[in-house]
Amino acid sequence: MRRAARRVRARAGRGRGQAVRGGAGGRGRQRSPLAGRVRGVSEACPERVRGVSEACPRRVRSVSAACPGRSAPCPGPVRPGGGAAMQREVGTLPLAPALRARLAAAGFQTAQELLDTGPCGLSKEIGISREEALEALQVVRQECQGDAARTAGGSGATRKCTALELLEEEQTQGFIITFCSALDNILGGGVQLTKITEICGAPGVGKTQLCMQLAVDVQIPECFGGVAGEAVFIDTEGSFMVDRVVEIAAACVQHCHLIAEAQQEEDHGKALETFSLENILSHIYYFRCRDYTELLAQVYLLPEFLAEHSKVRLVVIDGIAFPFRHDFEDLSLRTRLLNGLAQQLIILANDHKAAVVLTNQMTTRIGQSQATLVPALGESWGHAATVRLIFHWDNSQRLATLYKSPSQKESTIAYHITSHGFRDVQPPAVTHSTEGTQLNPRKRPRTEEEKQQ
Amino acid sequence: MAAKKLRRAQLSQEMCERLSRYQITTCQDFLCLSLLELMKVTGQSYYEVQKLLCKVSRACAPKMQTAYEMKLRKSVNPSSAFLSTTLHSLDRVLNGGVPCGSLTEITSPPGCGKTQFCIMLSVLATLPVSMGGLGGAVIYIDTESAFSAERLIEIAASRFLTYFDSDEKLLCMTRSIHVYRELTCCCVLKRIMSLEEEIISKKVKLIIIDSVASVVRKEFDTKLQGNLAERSNFLTRGASVLKYLAEEFSIPVILTNQITTSLSSGPAIQADLVSPADDLSLSEGSSVSGKRDSGCVTAALGNTWSHSVNTRLILQYHDLPTRQLLVAKSPVAPFSTFFYTIEKSGLVLQDRKDQTSLVWEGTNPALQPIRVRNTALKDTFHDAALPSTTGETSRNTSNL
């Protein structure tokens, strides 16, 4: 997608109506008489290799001589070669713009030409130093290697897979529970990993409370039904209260203790040793961003942070609206920055298998005769999140509505904020316990908790 | 942090010069550009630009702390986490008192006791730590010219009889309360921005702004186009500066607000009401929609402002002279109500025998109905906060 976009731009930039070089870039643009071809692989190929194959009698791209034509996904063509990647246009390579302009002026068109010229020749022809030429060639080579690996079906940036693989992945994936079983039900199990969930709500309705609850719940050990991860909490409004997190964490630990007593399994005891208040608090990484610049900077640095702390399974940004709602005369800049943020968060969620939770404010939209409360940041922001929850009031009852979800239907439930945190309105009835234990073995009736109060 | 110059972000000198030719001098300008624009502006390759981005981000990103470190820091100095209001039931519910490091808002109809509460809190802040105060100075930004120094002395003398036994102590206390009279939005904002240095030099431990609503409502008429956005802009900017000050110096910030009428199906109408039936615009609104909309009196300044404050206390009328204090929004306290009267020594809580009805079912803090003074039109008002006799208690225990 990136390369196609660049090619379009490069073409536009050059102002020449030059057609795309014969199927270059490995996408197999050439029309083929074969029907039902999958991404450049011939249907008729007996080996069904995703990528290049010597054995494929109808190979439509240049192939690597060394490839034996295996039936497993091809790890990539053998160097030298890379075949189609070498036909890439110079304008699409990630070199400095000034350098690209010079190369175009000198008449270079494909990456192969550059590599054939060599650093000395290149430096003489364009008039740059040998070191710069060498650097440029290294970038080109790296880029083409990356391309070739991608087109040969290697794993990495393309994230190409069949729906069956996705289904298997989704079924084994964990959810972050919220301790409110009604909310978990409408979400299909809880907050999903690798997706962005947005929580919009009126002031004081419980968004930050839910975020703090999730930051504790993500750390629940696997034997209790959690994902045993760590949490990153990015706070832009200053509403994070450590004392409250301590209360919520203490209640969670107690809940797990009670389950362990009731079920008496071995690994429960071991898990409980590490699931203590100190550990929970030490694994919540807190960042306080005062304005949108700090927020942008922090999100740029997050991939690095998550690579170091590989157990992080939840990123909470509490108050994505607040820093963007003042000091912005240029609304198009705001839209652009928000979209950039959303994209980076999606990549983050996918790469690190983390759930991203954002909270948004509500704003008043004045219509003709009515004023309605709508989520802030505009219509275009609504596309950023995969799952959208709206928390609102109905007199004195707090309600949560699932507003947008790709897999669950829209519904509304009621919830409560107690001193223990985010909870259901009523305890689940004891008569349903057999059903309940099948679906949610970690949920137990709340009667004991109520008595303790 | 945003205005940090790129020079200090450890970019090379020539890179900074090159960027300044495009008017990119601060981290904020740098981070607002997309990758392609950055490539054009810096003349570097894609990978180099990503490295530069990381460098600049590191220069302005916040430091990481774990929740455990935060807790340890708080437990080291527990008394500095709140300002006790000496209204014991309120303090208990708020986990100690008015929290430090966040914004607390006090909303009420006129004459209910906002300014009295603020004056009382300023006295408390000047008390030494051993007596439950913060032992520091107070900055009082007064926009309505309602601050009365005589009342201040009266409250101090009658509330802390034993401590303020000499005139000397009273004068010392008054010297540490700095009152600024600002009458326009612009002046208020400028004053807030300049507070940082004053806080350090005068060792300020409490900031009070009485009131935010009066300046804002004088200058922004939300019926005019564009004014709503500008008002929100001003308010969020003020709120973010105040939050920064509150957190940086770990001090409480107290703001006062007024009331407005919000029709259930119309935009909030700005009015300092005595009774809604007197207000002409209300009847206009109801005639448009055809049926009688029951409007309710709520806190002013809208939704955005309700998001910005962390704690909201509502003062409203009960049976005169008794008044009622509601905790309408708080991250640590449940919805609670208390009864109080205003006496010589400031606010005094009344101990009611029906203590269990102190917890009530609240609603959206931005739309919480507030009871105003004129009790003649009782049926017009929503009385969600008024505890009923028996039904309330059984409902409340099931909430917890």
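The values are calculated or read from the model by the stated rules, or taken from the named source; none is laboratory data. Because the structure is a prediction, the values reported are computed rather than measured. With ideal geometry, Cβ positions are generated from the backbone for all residues, glycine too; neighbour counts draw on all protein chains shown. Keep in mind that these areas ignore ligands, DNA and RNA; they rest on the heavy atoms of the full protein, side chains included. Shrake-Rupley method; radii C 1.70, N 1.55, O 1.52, S 1.80 Å.
Here are some notes:
- Qualifying residue in the range A:235-245 (condition: more than 29 Å from B:THR104 (Cα to Cα) and of a type outside the set (A, V, I, L, M, F, W, C)): no
- Every listed requirement among (1) on the phi > 0 side of the Ramachandran plot; (2) surrounded by fewer than 20 Cβ atoms within 10 Å (Cβ to Cβ); (3) touching a residue at least 60 places away in the same chain (Cβ under 8 Å) is met by A:GLN264 save one, (3).
- Residue list for the range B:87-96, filter: farther than 17 Å from B:LYS329 by Cα and surrounded by fewer than 19 Cβ atoms within 10 Å (Cβ to Cβ): B:HIS88
- Being facing chain B (nearest Cβ under 7 Å) and over 17 Å from A:ALA354 (Cα atoms) is not true of A:LEU277.
- Residue list for the range B:332-370, filter: charged (D, E, K, R) and at pLDDT 75 or above: B:GLU343, B:LYS344
- From the list B:SER75, B:SER84, the lone residue that is surrounded by 18 or more Cβ atoms within 10 Å (Cβ to Cβ) and either touching a residue at least 60 places away in the same chain (Cβ under 8 Å) or more than 8 Å from chain A (Cβ to nearest Cβ) (or both) is B:SER84.
- Every listed requirement among (1) crowded, with 20+ Cβ neighbours inside 10 Å; (2) part of a helix (DSSP H, G or I) is met by B:LYS51 save one, (1).
- Selection status of A:ALA231, farther than 16 Å from A:HIS352 by Cβ and either hydrophobic (A, V, I, L, M, F, W, C) or touching a residue at least 24 places away in the same chain (Cβ under 8 Å) (or both): no
- Residue list for the range B:97-112, filter: within 17 Å of B:GLN324 (Cα to Cα), open to solvent by less than 10 Å² (accessible area, probe 1.4 Å) and at pLDDT below 90: B:SER108, B:PRO109, B:CYS112
- A:LEU399 satisfies every condition listed in (1) within 22 Å of B:ALA67 (Cβ to Cβ); (2) assigned to a strand (DSSP E or B) except (1).
- Looking across the range B:329-347, just one residue is within 14 Å of chain A (Cβ to nearest Cβ), out of contact with any Phe, Trp or Tyr (no Cβ under 7 Å at 6 or more places or on another chain) and of a type in the set (Val, Ile, Thr), and that is B:VAL332.
- Only listed residue being polar (S, T, N, Q) and either within 16 Å of the chain's Cα centre (by Cα) or open to solvent by 10 Å² or more (accessible area, probe 1.4 Å) (or both), chosen from A:GLN397, A:GLN361: A:GLN397
- Each residue in the range A:400-413 was checked for being open to solvent by less than 30 Å² (accessible area, probe 1.4 Å) and of a type outside the set (Ser, Thr, Tyr), and 3 of them qualify.
- The range A:267-279: number of residues that are in contact (Cβ under 8 Å) with a residue 24 or more places away in the chain and exposed (fewer than 12 other Cβ atoms within 10 Å of the Cβ): 1
- Residues (open to solvent by 30 Å² or more (accessible area, probe 1.4 Å) and either over 24 Å from A:THR359 (Cβ atoms) or modelled with pLDDT of 90 or more (or both)) located in the range A:280-297: A:SER282, A:HIS283
- When residues of the range A:352-369 are limited to those that are over 24 Å from B:SER308 (Cα atoms) and in contact (Cβ under 8 Å) with a residue 40 or more places away in the chain, the one farthest from the other protein chains (Cβ to nearest Cβ): A:LYS353
- You will find that of B:GLN28, B:GLN116, B:GLN44, the residue that is polar (S, T, N, Q) and assigned to a loop (DSSP other than H, G, I, E, B) is B:GLN44 and no other.
- Index of the failed condition, A:TYR300 passing every other in (1) within 12 Å of chain B (Cβ to nearest Cβ); (2) in a loop (DSSP other than H, G, I, E, B); (3) open to solvent by less than 70 Å² (accessible area, probe 1.4 Å): (2)
- Only one of the numbered conditions (1) within 9 Å of chain A (Cβ to nearest Cβ); (2) under 27 Å from A:THR236 (Cα atoms); (3) open to solvent by 50 Å² or more (accessible area, probe 1.4 Å); (4) not charged (D, E, K, R) is not met by B:GLN44, and that is (2).
- For the range B:125-145, the set of residues classified as more than 18 Å from B:VAL204 (Cβ to Cβ), open to solvent by 40 Å² or more (accessible area, probe 1.4 Å) and in contact (Cβ under 8 Å) with a residue 60 or more places away in the chain consists of B:GLU144 only.
- Each residue in the range A:150-162 was checked for being farther than 17 Å from A:ALA349 by Cβ, within 18 Å of the chain's Cα centre (by Cα) and at pLDDT 65 or above, and 1 pass.
- Flag for A:THR372 being within 14 Å of chain B (Cβ to nearest Cβ) and open to solvent by 50 Å² or more (accessible area, probe 1.4 Å): yes
- Taken together, the residues in the range A:155-208 that are hydrophobic (A, V, I, L, M, F, W, C) and either assigned to a helix (DSSP H, G or I) or farther than 19 Å from A:ALA355 by Cα (or both) amount to 12.
- Scope the range B:22-41; condition more than 8 Å from chain A (Cβ to nearest Cβ) and open to solvent by less than 30 Å² (accessible area, probe 1.4 Å); matching residues: B:ILE24, B:THR26, B:PHE30, B:LEU38, B:VAL41
- Entry remark, the range A:225-243: residues being open to solvent by less than 10 Å² (accessible area, probe 1.4 Å) and not small (Gly, Ala, Ser) number 6 in total.
- Restricting A:ILE320, A:ILE346 to those that are closer than 26 Å to B:LEU35 by Cα and surrounded by fewer than 19 Cβ atoms within 10 Å (Cβ to Cβ) reduces the list to A:ILE346.
- Among residues of the range A:309-356, those that are within 20 Å of A:VAL191 (Cβ to Cβ) and either under 10 Å from the mean Cα position of the chain (by Cα) or of a type in the set (Gly, Ala, Ser) (or both), counted: 17
- Top-ranked residue of the range B:305-328 - restricted to ones that are facing chain A (nearest Cβ under 9 Å) and in a strand (DSSP E or B), ranked as modelled with the highest pLDDT: B:ARG312
- On the stretch given as the range B:219-265, residues that are in a loop (DSSP other than H, G, I, E, B), buried (at least 20 other Cβ atoms within 10 Å of the Cβ), within 11 Å of chain A (Cβ to nearest Cβ) and not β-branched (Val, Ile, Thr) total 1.
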